[in-house]
Amino acid sequence: MSVDAAYLAATETIDSDNADVVAYAAKVTEGIVGAREKAVALYYAVRDLVMYDMMVTDFNRDIFKASYCLKARRSFCIPKAILLAAAARSQGVPARLGFADVTNHLATPKMLEMLGGDYFAFHGYTDLFIEGKWVKATPAFNERLCRFFKIKPLDFDGRSDSVFHEFSADGNKHMEYLHDHGTFADMPFELMIKTFRQHYPHWFQPGGSLSRW
C-alpha cells in the first residue's frame with residue numbers, strides 16, 4: 001500500500017524539519033530501528049513530556065506548531081497530536097492528524113465553565129502508518145494527569161488503535177466519541193474554527209479567546 005508523500009512532508013504547523021523537533025525525535029528513537037518501535041517510543045515520549053492543559057487564553061496559530069508545543073511542554077490535545085505527527089515524520093514514519101467531537105464525563109468544573117458543557121469539539125489525535133496500515137494514537141493525556149483523575153493512561157503498541165478512555169479507573173464512564181471529522185495531512189484551521197463557532201460561540205465574543213479569528 002503506497003502512502004501519499006504529504007504524510008511525510010514538513011508544513012508550517014507540522015514542522016518536522018525544525019531543528020529542535022528533529023533532535024528530539026532522534027534522541028527518543030536513538031538505537032531503535034523498526035518503524036513501529038520508533039512510533040511507540042515517540043508516542044510515550046510526547047504523551048508524558050507535554051503536560052495536558054486546555055486552559056488556553058490565546059488561540060494564535062503559533063501555539064499549534066509542533067516546535068512551539070515541544071518548547072512549551074504544556075498544551076492540549078491538538079498541538080500534542082501535531083507534535084507526535086511531526087516527530088514521526090522526521091523519523092520517516094508517515095503521519096496525519098485526526099479530529100473528533102467527544103463528550104468528557106470527567107471534566108473539571110473549570111473546563112465545563114470554559115466550554116459551557118461537557119462537549120469537547122475537535123479533539124485531536126495522530127494517525128500513524130505502521131506496517132502497512134493506519135493506526136490511531138492519542139497522546140493527549142499525560143500519565144501524571146491520568147493518575148490524578150484515576151484514569152488509566154492510554155497505552156499504544158503500534159498495532160491497535162489507541163483513541164479514548166472509555167472508563168475511568170473506578171469504572172465510571174469517561175469519554176465517548178460523538179462525531180468524526182476525518183483525517184488530514186495538515187492542520188485544518190478553517191474546519192476547526194467553523195466547529196468551534198458552532199459549539200462555543202462565546203469564545204468569539206469581544207474579549208473571548210478566539211475573538212481575533
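What follows is calculated from the coordinates using simple rules that are stated; it is not laboratory data. Note that the structure is predicted; figures quoted are calculated from it, not measured. With ideal geometry, Cβ positions are generated from the backbone for all residues, glycine too; neighbour counts draw on all protein chains shown.
So which GluC sites (Glu not before Pro) in region 1-97 end up in coil per DSSP with only 13 or fewer other C-beta atoms within 10 Å?
Those satisfying the criteria are Glu12, Glu30.
Please give the FRET efficiency for Ser211 paired with Asp4, using the beta carbon to beta carbon distance and R0 = 35 Å, rounded to the nearest 0.05.
Between Ser211 and Asp4 the formula returns 0.45.
Calculate how steeply helix 189-199 sits against the longest principal axis of the alpha-carbon atoms of the chain, using the helix alpha-carbon long axis, and give the answer as 0 to 90 degrees to the nearest 10.
That helix lies at roughly 30 degrees to the long axis.
Only counting other Cβ atoms within 10 Å, I'd like Ile151, Ile63, Ile82 sorted with the fewest neighbours first.
Least crowded to most crowded, the residues run Ile63, Ile151, Ile82.
Give the relative contact order (percent, whole number) for the chain; include only Cα pairs under 8 Å separated by 6+ residues.
Computed over the chain, the figure is 23 percent.
Just for the chain, what percent of DSSP beta bridges are antiparallel, to the closest 5?
Restricted to the chain, the bridges split so that about 90 percent are antiparallel.
To the nearest 10 degrees, how steeply does helix 77-90 sit against the main Cα axis of the chain, on a 0 to 90 scale?
10 degrees
Per 5 Å bin, what is the whole-percent P(r) computed from every C-alpha pair distance within the chain?
Whole-percent P(r) values from 0 Å outward: 1, 8, 15, 20, 21, 16, 11, 6, 2, 0, 0.
Which residue, Lys65, Lys150, Lys110, tops the fluctuation ranking in a GNM of the chain built on C-alpha contacts under 10 Å?
In the Gaussian network model the winner is Lys110.
Amide H neighbours of Val50 under 5 Å, at least 5 residues apart or on other chains, H built in the peptide plane: list them.
none
Taking Lys65 as the anchor, which lysines have their alpha carbon closer than 22 Å to its alpha carbon, excluding any fewer than eight residues away along the same chain?
Lys27, Lys38, Lys80, Lys136, Lys194
Once amide H atoms are placed 1.01 Å from N in the peptide plane, what residues at a sequence separation of 5 or more from His181, or on another chain, have their amide H within under 5 Å of its amide H?
Those lying under 5 Å, H to H, from His181 are Phe99, Ala100, Asp101.
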